[in-house]
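Working notes for the structure below.
Throughout, read-outs are computed from the coordinates displayed, never taken from laboratory work. Predicted model only: the values in this text are computed from it and were never measured. Cβ sites come from the backbone with ideal geometry, for glycine too, and all protein chains shown count toward neighbours.
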Amino acid sequence: MFDILGRDTLEESLVPGDEVLIGQTILEKLDLRADCSNRRLVPNPAHPDQPVSKVK
């Protein structure tokens with residue numbers, strides 16, 4: 001289970017050491033964006049309070 005910025009999701013992962021590499025699917029599920037210039041994750045401005053899942 002991943003819990004980032006108060007948003008959580010279940011995802012399988014492989015942790016080879018003591019660091020976790022977060023992939024694109026986790027960021028998409030949590031509706032987070034990478035702020036590369038400030039080296040942090042931020043909520044999608046269109047959905048600042050909670051992630052929004054798309055149903056297909």
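What is the spin-label model distance, in nm, from Arg40 to Glu28 if the labels are put 7 Å beyond Cα along the C-beta direction?
With each label point 7 Å from Cα toward Cβ, the separation is 2.6 nm.
Quick one: net charge of Ile4's neighbours, Cβ under 15 Å, K/R +1, D/E -1?
Every neighbour counted, the sum reads -3.
Dipole size in debye (nearest 20) for the chain around its Cα centre, Lys and Arg Cβ +1, Asp and Glu Cβ -1?
300
Calculate the translational D of the chain in whole µm² s⁻¹ from Stokes-Einstein, where the hydrodynamic radius comes from the Kirkwood formula applied to all Cα pairs, the temperature is 10 °C and the viscosity 1.306 mPa s.
Calculated translational D: 129 µm²/s.
Can you give the calculated 222 nm mean residue ellipticity of the chain, where each DSSP H run of n ≥ 4 adds -39,500 (n - 2.57) and the sum is split over every residue, rounded to the nearest 500 deg cm²/dmol?
Only helices count here, giving -3000 deg cm²/dmol.
Picking from Val20, Phe2, Ala34, whose Cα lies most toward the positive end of the charge dipole for the chain (charges on Cβ: Lys, Arg +1; Asp, Glu -1)?
Going by the Cα projections, it comes out as Ala34.
Taking the Cβ of each residue in Ile26, Ile4 as the centre, tally the other Cβ atoms inside 10 Å and list the residues starting with the fewest.
Listing Ile26, Ile4 from fewest to most nearby Cβ atoms yields Ile4, Ile26.
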